[in-house]
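Have a look at the structure below, then the notes.
We did not get these values from a lab; they are worked out from the coordinates using the rules stated. What you see is a predicted model; the values in this text were computed from it and never measured. Don't worry about glycine lacking a Cβ; one is built from the backbone with ideal geometry, like all the others, and counts go over all protein chains shown.
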Amino acid sequence: MTDVGRPASQEEIRASEEIPVIKQDIVHNVVERTGLPRTKAEAAVDTVFEGLKQALAAGARVWGIQRPRAQDRHRPEPKNGN
């Protein structure tokens, strides 16, 4: 996890892609970094997740992630010629 306001390094990004992070890990980090009570930290994390879900459902790009369009979800993989 990065310091507040500091962009993540490529190494940190790769590490975060390799280790799944669950919501409680994020809540714990918020508690540790801010000193908020767990209930308030969890409410903040829930609010962020809900906003992300709504944005993705509306087709918005969130941190470079975009929900696949319906017509693309079931498209077969292109043949590789082998």
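For the reader, a short list of remarks on this structure follows.
- Count Lys and Arg as plus one, Asp and Glu as minus one, and take only other residues whose Cβ is under 11 Å from that of VAL45; the net charge is then -1.
- Spin-label model, GLU32/ALA58: points 7 Å from Cα along the beta carbon direction are separated by 3.3 nm.
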